[in-house]
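For reference, the structure discussed in these notes is given below.
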Amino acid sequence: MRSHTSVFTGNCLFIAVCCSAAPFFLAVGYSAWSEYPGWHWPAILFAFGLVGTVMIPVLAITSTRQEFPRITRRHPVKGESHRYPDDTFVMFAPRSEQSSTQAQLVRADVLEASLARYNPDGESTFTTHYGNYTPDEFTPLIRLRLRVHDAEETDGTGGFEVTGEWRVPSLCLSAITAGRLVVLVGAPAAPGAQRTVTPHWPRSNLLSGTRTYRVIDLEGRTSQVTRRVGRQLQQMRISREVGGVVMAGDTVDLRHLDPHTAARYADLADRDRAVPEEQAPVSEPGEEARRLADQLPGEKAAFGSVGRRWSRRGGVLVRGRFLEMRARTTFQDHGPVLDTVLRIQPADGTPPFDAARRLTVPMDYLTVLHRTKEVVLIASPNGVSYDVDWGRSSLLAGVTPATVVAPDGQGIPLSGRPDTIWALMNLLASQGVSVTSPVLDLRKRRMGSVASLVMRVVSG
């Protein structure tokens, strides 16, 4: 398990080698200045070397903060985020491609999905683009086979199929895994020609259930609209007609809308209250045919490595939950750099707290955001700071299936059992046992001390 200190030391040594000329100039300038105090060039050489030498730890600290972001209570949340309920998730995704105002807004089901191309050449360094929120080189090209529904379809039998390749913002990949998209369908360019289909990615995040959705009616009552597909589509059409409806976090407050729009929303709420719409499933059937996690980059899922010193001093694992993600213009090859808000539950039982932190979120984790927003955090022994462990987080989120191999060789799959995976992670961490893969093989000799405890957890 990499520590913050080891990352800083490595970065410091690397930058010191790259800037090795600076200490040399510092020494030469100091020596020459002592011998020739009236000359200006030794002073200039000394100043140049001093600035370069000082920059070595400064650059090391900056690069370590980017590469190994540490979360503490000193990262306060600005605005209204601290008022979010525990089940809230707000996402500010890049704007979608524009379409004709005559295009119909309808639902489309993803039948198949595969990665067509993703080949950035940033070599995992941080790359920032100005004025372009979805640069092609960091936006995967996904091949999709869609069933596009008719505008008034309710039984899922009508519509037509279309196959094509679209650039999908990484923040919206979970909508593909969930299998529900919002698309804008234009009229055919000529009789018999295929109709143009343009996915609307931010609205797809809403329809898929990745982003939560609430409505406060004119009487102040709150209704949950997350995964109420029919009602959401009608609300989106109203919003599109009036030029947009502002959401505060994940909530639309009808008391802040113009009377005509509020009345149309309220009518939908009344109809839903009279005949409640059932929530759509978390994921539509056939998820195996559109699973992208295995095709996109990310951190290797694992039960996790354990530092002996950290374990001996009482370090523990804790869980956190994303409340908010906001797109930025900085990227790494394996994922976008996002402004996030995390709710963290400390291990000592104190009340949870919210922290705002800029994190690089792996793409494979983003594909399962419709199922979970939880992450695993490594707490320092003194409980002051927390570091995101993406390997453990990916395993807990189900990006990669977890398996336990019993002493008799029987494989025990843990898919759909996050609480069991969490218990095993904590058990291994407390015993100082590292498992850097998603398979926990109890037949290995070093597992002898924990084999019985692991089987007890798995059978329980």
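When you look at residue 240, is it in contact (Cβ under 8 Å) with a residue 60 or more places away in the chain and either crowded, with 20+ Cβ neighbours inside 10 Å or β-branched (Val, Ile, Thr) (or both), yes or no? Even if it seems obvious, please write down each step before you answer.
On the way: in contact (Cβ under 8 Å) with a residue 60 or more places away in the chain: yes; either crowded, with 20+ Cβ neighbours inside 10 Å or β-branched (Val, Ile, Thr) (or both): no.
No; evaluated as a whole, the condition is false for this residue.
Residue-wise test of (1) farther than 22 Å from residue 323 by Cβ; (2) in a helix (DSSP H, G or I); (3) among the basic types (Lys, Arg).
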| residue | (1), (2), (3) |
| --- | --- |
| 205 | no, yes, no |
| 211 | no, no, yes |
| 219 | yes, no, no |
| 230 | yes, yes, no |
| 235 | yes, yes, no |
| 263 | yes, yes, no |
| 267 | yes, yes, no |
| 276 | yes, no, no |
| 279 | no, no, no |
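Hey, can you tell me all the residues within segment 286-313 that are basic (Lys, Arg) and either surrounded by 21 or more Cβ atoms within 10 Å (Cβ to Cβ) or assigned to a strand (DSSP E or B) (or both)? Talk me through it step by step, then tell me what you get.
To start, the set of residues in segment 286-313 that are basic (Lys, Arg) comprises 290-291, 300, 308-309, 312-313.
Listed by number, the list holds a single entry, 290.
Total residues in segment 315-327 satisfying the condition of being farther than 15 Å from residue 366 by Cα and either free of Cβ contacts under 8 Å to residues at least 60 places away in the same chain or in a loop (DSSP other than H, G, I, E, B) (or both): the figure is 1. Within segment 210-237, the only residue that satisfies the criterion of being on the phi > 0 side of the Ramachandran plot and either surrounded by fewer than 19 Cβ atoms within 10 Å (Cβ to Cβ) or in contact with a Lys or Arg (Cβ under 7 Å, 6 or more places away or on another chain) (or both) is 220. Tallying residues that are touching a residue at least 24 places away in the same chain (Cβ under 8 Å) and outside any helix (DSSP H, G or I) within segment 248-261 yields 6.
Suppose we filter 368, 316 for residues that are out of contact with any Phe, Trp or Tyr (no Cβ under 9 Å at 6 or more places or on another chain), closer than 22 Å to residue 421 by Cβ and surrounded by fewer than 22 Cβ atoms within 10 Å (Cβ to Cβ); which single one remains?
Sole residue among the options that is out of contact with any Phe, Trp or Tyr (no Cβ under 9 Å at 6 or more places or on another chain), closer than 22 Å to residue 421 by Cβ and surrounded by fewer than 22 Cβ atoms within 10 Å (Cβ to Cβ): 316.
Could you please let me know if residue 366 is more than 18 Å from residue 306 (Cβ to Cβ) and modelled with pLDDT of 95 or more? So residue 366 passes the test. Residues in segment 349-372 that are in a strand (DSSP E or B) and hydrophobic (A, V, I, L, M, F, W, C) were compared, and the one that is farthest from residue 329 (Cα to Cα) is 353.
Within segment 237-247, can you find the residues that are over 25 Å from residue 83 (Cβ atoms) and in a helix (DSSP H, G or I)? Outline the logic, then answer.
Of all residues in segment 237-247, those over 25 Å from residue 83 (Cβ atoms) come to 237-238, 240-243.
Selection gives 237, 238, 240, 241, 242.
Within segment 163-178, the set of residues being touching a residue at least 40 places away in the same chain (Cβ under 8 Å) and either surrounded by 16 or more Cβ atoms within 10 Å (Cβ to Cβ) or assigned to a helix (DSSP H, G or I) (or both) comprises 169, 170, 171, 172, 173, 174, 175, 176, 177, 178.
The values are calculated or read from the model by the stated rules, or taken from the named source; none is laboratory data. The structure presented is a predicted model; accordingly, all values stated were derived computationally and were not measured. Here Cβ is always computed from backbone atoms with ideal geometry, including for glycine, and neighbour counts include all displayed protein chains.
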